[in-house]
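Here is the structure we will look at, set down as structure tokens.
The values are calculated or read from the model by the stated rules, or taken from the named source; none is laboratory data. The shown structure was predicted, so the numbers you read here are calculated from the model rather than taken from an experiment. A quick note on method: Cβ atoms are made from the backbone with ideal geometry, for glycine too, and the neighbour counts reach across all protein chains shown.
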Amino acid sequence: MLSRWQTGEVRDVHEDMMRLTLEIVAKTLFDTDIADKSEEVGGYLALGIKFYDQWFRNLALTLLPESAPIPHHLRSRRVIQRLDAIVYDIIRRRKDSGEEKGDLLSMMLEAKYEDGTPISDQQVRDEVMTLFIAGHDTTALALTWTWYLLSQHPEVEAKLVEELQTVLEGREPTFADLPRLRYTDMVVREALRLYPPVWGMARVANTDCEIGGYPIESGNIIILSQWVMHRDSRYFDSPDTFNPNRWADGLAQRLPTYAYFPFGGGPRVCIGKSFAQMEAVLLLATITQKFHLSLVPGQDLTPWPAFTLRPKHGIKMVLNEQRSQNSPVLPTAR
């Protein structure tokens, strides 16, 4: 991707991050190169999320059966059919090859139920689709909002660049560098606090109970919002301020459970939490070493709380060659 980026050009970093993380999840989990299809797949996934958001917010749509031949359902079906064709093709080619690659797709194709019955292609498809969506969308959004925040806080970017130059000395980061990229990790944590890709989630009460003095009946749906909790002044000083240093003195260990939960929590915590954190830190380090991204002024940067927290109109940024830590840091347009 970086080989295609050119100094001085304007990029929609949301689109670029979506395409990049989609290609990474396909290669890492399924050993499949979808570079030639990433734009198409990403477009269909984005449409799917848009249709879901429309359905979620429109009571009339939720009351209609999926078989109802209305325009919304017909368009949704076409998107699903196209994505199915791509995913089933990945499954078919792997089965036809007979290869055991030791990746997640091979594990799923070998998996069996307790009675020894192999799981169906439909089940494999469902798992692959879930991992395609959850495995790229959230990480891409975390990085997208990180670029926005860095463009507004040049002093944070300068400190980030200084750490990268000290630790990496110009080479690309690897997994072994993660323990030393402490400030880079704190930047990602803070971006996830202010702009959590999963902005809200729901749970159903198993039994009657009471929470904070409110009676909860079995079957009630409880909404938990990361956006609200992450900006609560009871747990975070100056909660609306982008300050990666707040994580430097063990804040994560002192916080009560669920004051900070960008990946959810409990038995349903995101299965890809460690993978996503590692990926975000390594990508941030790799890209920041080469490019400084400055915000194109005059944009509408409204966060859109759809299926995930997305920039409603993308985020356009100008690419510039990264300056050294000794170069003057100039303020960027807000």
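Miscellaneous remarks
- Residues (without any contact (Cβ under 8 Å) to a residue 40 or more places away in the chain, surrounded by 12 or more Cβ atoms within 10 Å (Cβ to Cβ) and over 17 Å from Y52 (Cα atoms)) located in region 79-93: Y88, D89, I91
- Exclusive hit being modelled with pLDDT of 95 or more and under 25 Å from A205 (Cα atoms), set G219, G264: G219
- Within region 170-209, the set of residues being over 17 Å from E157 (Cα atoms), part of a loop (DSSP other than H, G, I, E, B) and of a type in the set (A, V, I, L, M) comprises V198, A205.
- Within region 206-232, residues that are in contact (Cβ under 8 Å) with a residue 60 or more places away in the chain have Cβ atoms under 7 Å from residues that are surrounded by 10 or more Cβ atoms within 10 Å (Cβ to Cβ) and not in a strand (DSSP E or B) in these pairs: W227/P196; W227/W199; W227/G200, counting only partners at least 6 apart in sequence or on another chain.
- Residue within region 236-245 that is at pLDDT 95 or above, among the aromatic types (F, W, Y) and in a loop (DSSP other than H, G, I, E, B) present: yes
- Some residue of region 13-36 being over 23 Å from D103 (Cβ atoms) and not in a helix (DSSP H, G or I): no
- With respect to being closer than 22 Å to F275 by Cα, hydroxyl-bearing (S, T, Y) and exposed (fewer than 14 other Cβ atoms within 10 Å of the Cβ), T174 fits the description.
- Total residues in region 267-277, condition of a type outside the set (V, I, T) and surrounded by fewer than 16 Cβ atoms within 10 Å (Cβ to Cβ): 4
- Condition check for K27 on (1) in contact with a helix residue (DSSP H, G or I) (Cβ under 8 Å, 6 or more places away or on another chain); (2) surrounded by fewer than 17 Cβ atoms within 10 Å (Cβ to Cβ): one failure, at (1).
- In region 32-49, the residues that are in contact with a helix residue (DSSP H, G or I) (Cβ under 7 Å, 6 or more places away or on another chain) and of a type in the set (D, E): D33, E39
- Check on E114, modelled with pLDDT under 90, touching a Ser or Thr at 6+ places or on another chain (Cβ under 8 Å) and farther than 22 Å from G42 by Cα: no
- When N320 is tested against the conditions (1) under 20 Å from R11 (Cβ atoms); (2) in a loop (DSSP other than H, G, I, E, B), the lone failure is (2).
- Candidates in region 304-318 are the residues that are more than 25 Å from H292 (Cβ to Cβ) and buried (at least 18 other Cβ atoms within 10 Å of the Cβ); of these, the one that is modelled with the highest pLDDT is T308.
- From the list A259, A205, the lone residue that is surrounded by 11 or more Cβ atoms within 10 Å (Cβ to Cβ), in contact with a strand residue (DSSP E or B) (Cβ under 9 Å, 6 or more places away or on another chain), small (G, A, S) and farther than 21 Å from H136 by Cα is A205.
- Taking (1) closer than 30 Å to L150 by Cα; (2) at pLDDT below 75; (3) surrounded by fewer than 18 Cβ atoms within 10 Å (Cβ to Cβ) in turn, V10 satisfies each apart from (2).
- Test: residue in region 273-283 that is among the hydrophobic types (A, V, I, L, M, F, W, C) and in contact with a His (Cβ under 9 Å, 6 or more places away or on another chain): no
- Scope region 262-309; condition within 19 Å of W227 (Cβ to Cβ), touching a helix residue (DSSP H, G or I) at 6+ places or on another chain (Cβ under 6 Å) and not β-branched (V, I, T); matching residues: P262, F263, A276, A280, A306, F307
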